[in-house]
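Only one structure is covered here, and it is reproduced in the block below.
The values are calculated or read from the model by the stated rules, or taken from the named source; none is laboratory data. Keep in mind it's a predicted model, so treat the numbers as computed, not measured. Here Cβ is always computed from backbone atoms with ideal geometry, including for glycine, and neighbour counts include all displayed protein chains.
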Amino acid sequence: MGLRLGLPKGSLQKGTFDMLRRAGYHVSVSSRSYYPSIDDPEIEPVLMRAQEIPRYVGAGALDAGLSGLDWIMETEADVVQVCDLIYSKASRKPARWVLAVAQDSPIRSPKDLQGKRIATEVMNVTKRYLSEHGVEADVEFSWGATEVKVPELVDAIVELTETGSSLAANNLRILDTVLETNTKLIANRKAWEDPAKRQKIETLSMLLQGALLGEEKVGLKMNIRRAELEKLLALLPALRRPTISALTDEDWVAVETVLDEREARDLIPELRNAGAEGIVEYPLNKVIS
C-alpha cells in the first residue's frame with residue numbers, strides 16, 4: 001500500500017503543486033477530482049481542505065499531509081510534525097492569526113476584551129489565547145467575511161493575515177499576534193513507526209525542503225586568472241566553499257558557487273571588477289544541505 005498523502009485544496013493548492021514540481025514530482029488534478037495523479041507509484045495523494053488534514057492524519061485515514069500549524073493546534077490533532085515548509089499564497093514568510101478591532105475602538109489590549117464578542121475561524125486557538133490572558137469573552141465561529149463584522153456585529157476578530165493589507169482596507173487595527181503559523185509536513189504516529197513509510201516521508205521531507213531552499217538560491221559560475229583567485233574568493237559567500245576547477249589554460253580556473261538570489265545582483269558587478277569573466281547565473285530546483 002502506498003503512502004496516503006493529504007494535499008491542501010484552495011489557496012495553498014497552487015503553491016503546493018509548484019513546490020512538489022520543484023522537488024521532482026509531477027502532480028496534476030482535474031477540476032472536479034479530489035484524487036490527483038502523481039508520477040510516484042508509492043504515493044496516493046488526496047486533495048482536501050487544509051483545515052481537515054490534521055484530523056485525518058491523526059486518525060490514520062491519511063499517513064501524512066501538508067497543513068498549517070494553526071489547524072494542527074485548532075483540531076488538537078495528535079500527529080508527528082516532520083518539518084516546517086514556509087510557503088504561502090503571497091509570501092515566503094509565516095502567516096499570522098491576529099487580534100484586530102476597529103480603528104476607533106476603545107479596546108487597546110487583550111484585557112479590554114473581557115465580556116466582549118469575538119468572531120474567528122480558529123475558536124479553540126482564540127479561547128486558549130484569551131485564557132492565557134485571563135480574559136473571558138464570547139467567541140463565535142465565523143463562516144467568512146470576518147473583517148466586515150467589526151464593529152456592528154462583534155467587538156473584535158481573530159483573522160489570518162500575511163501582509164495586513166486586507167485588515168487595513170477594512171479600517172481595522174491589529175492589537176496582537178495570537179499565533180504565527182506556517183505549513184508543516186505531518187505524519188500519523190503509526191505510519192511514522194512503519195520503517196518503509198517513515199523512509200518515504202523522510203525522503204519527501206528532504207526533497208520538499210530542498211525545493212524551498214533552491215527557490216531562494218542561485219548558482220554562479222565564472223572563469224578567473226589564478227593570480228586573481230584569492231581576491232575573488234574573498235567576495236564569495238557559499239554554503240561550504242566554492243568549487244574550483246582547472247581549465248586547459250593553466251593560468252585560469254573555473255569557479256562555481258551557490259548563494260542567495262538577492263545577493264547575486266549586487267555581487268556580480270563586484271566579481272566582474274575583481275577579474276571574473278564568463279559569469280553565468282542559473283536557477284536551482286533543489287538545494288539539499
*Qualifying positions in the stretch 37-60 - surrounded by fewer than 20 Cβ atoms within 10 Å (Cβ to Cβ), hydrophobic (A, V, I, L, M, F, W, C) and within 13 Å of Ile186 (Cβ to Cβ)*: Ala59
*How about the stretch 223-269: which of its residues are of a type in the set (D, E, K, R) and under 35 Å from the mean Cα position of the chain (by Cα)?*
Arg240, Arg241, Glu256, Asp260, Glu261, Arg262, Glu263, Arg265, Asp266
*With Ile244, Ile224 as the choices, which residue is free of Cβ contacts under 8 Å to residues at least 60 places away in the same chain, touching a helix residue (DSSP H, G or I) at 6+ places or on another chain (Cβ under 8 Å) and farther than 30 Å from Gly24 by Cβ?*
Ile224
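Collect the residues in the stretch 111-143 that are under 11 Å from Val154 (Cβ atoms) and not in a loop (DSSP other than H, G, I, E, B), keeping them in residue-number order. Spell out how you get there, then give the answer.
Here is the first cut: in the stretch 111-143, the ones under 11 Å from Val154 (Cβ atoms) are 113, 116-120, 137-140, 142.
Within the stretch 111-143, Leu113, Arg117, Ile118, Ala119, Thr120, Asp138, Val139, Glu140 meet the criteria.
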*Complete set of residues in the stretch 70-98 that are modelled with pLDDT of 85 or more and touching a Gly at 6+ places or on another chain (Cβ under 7 Å)*: Ala77, Asp78, Val79
*Does Val122 satisfy the condition of being surrounded by 17 or more Cβ atoms within 10 Å (Cβ to Cβ) and closer than 16 Å to Glu180 by Cα?*
yes
*Would the stretch 202-215 turn up any residue that is assigned to a strand (DSSP E or B) and either surrounded by fewer than 18 Cβ atoms within 10 Å (Cβ to Cβ) or modelled with pLDDT under 95 (or both)?*
no
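Could you pull out the residue among Arg241, Arg262 that is outside the structural domain of Glu132 (by TED's automatic domain parsing), in a helix (DSSP H, G or I) and at pLDDT below 95?
On the way: Arg241 fails: in a helix (DSSP H, G or I).
Step by step, each of Arg241, Arg262 is checked, and only Arg262 is outside the structural domain of Glu132 (by TED's automatic domain parsing), in a helix (DSSP H, G or I) and at pLDDT below 95.
One line per residue, one yes/no per condition, for (1) closer than 30 Å to Gly275 by Cβ; (2) more than 17 Å from the chain's Cα centre (by Cα):
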site: Thr177; (1), (2): no, yes
site: Asn182; (1), (2): no, no
site: Leu185; (1), (2): no, no
site: Arg189; (1), (2): no, yes
site: Glu193; (1), (2): no, yes
site: Ile201; (1), (2): no, yes
site: Leu207; (1), (2): no, no
site: Ala211; (1), (2): no, no
site: Gly214; (1), (2): yes, no
_Any chance Trp143 is aromatic (Phe, Trp, Tyr) and surrounded by 16 or more Cβ atoms within 10 Å (Cβ to Cβ)_ = no
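Residues in the stretch 25-45: is at least one in contact (Cβ under 8 Å) with a residue 12 or more places away in the chain, within 30 Å of Ile118 (Cα to Cα), among the hydrophobic types (A, V, I, L, M, F, W, C) and in contact with a helix residue (DSSP H, G or I) (Cβ under 8 Å, 6 or more places away or on another chain)? Working first, answer last.
The first filter runs over the stretch 25-45 and keeps only residues in contact (Cβ under 8 Å) with a residue 12 or more places away in the chain, leaving 25-27, 29, 33-36, 38-45.
Going one step further and asking which of them are within 30 Å of Ile118 (Cα to Cα), we end up with none.
Looking for residues that are in contact (Cβ under 8 Å) with a residue 12 or more places away in the chain, within 30 Å of Ile118 (Cα to Cα), among the hydrophobic types (A, V, I, L, M, F, W, C) and in contact with a helix residue (DSSP H, G or I) (Cβ under 8 Å, 6 or more places away or on another chain), one finds none in the stretch 25-45, hence no.
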_Just to be sure I understand, how many residues within the stretch 162-221 are among the hydroxyl-bearing types (Ser, Thr, Tyr) and either in contact with a Ser or Thr (Cβ under 9 Å, 6 or more places away or on another chain) or farther than 30 Å from Gly60 by Cβ (or both)?_
5
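Surrounded by fewer than 16 Cβ atoms within 10 Å (Cβ to Cβ), within 23 Å of Ser67 (Cα to Cα) and either charged (D, E, K, R) or over 25 Å from the mean Cα position of the chain (by Cα) (or both), is that true of Glu152?
Values: surrounded by fewer than 16 Cβ atoms within 10 Å (Cβ to Cβ): yes; within 23 Å of Ser67 (Cα to Cα): no; either charged (D, E, K, R) or over 25 Å from the mean Cα position of the chain (by Cα) (or both): yes.
Judged against the criteria, Glu152 is not a match.
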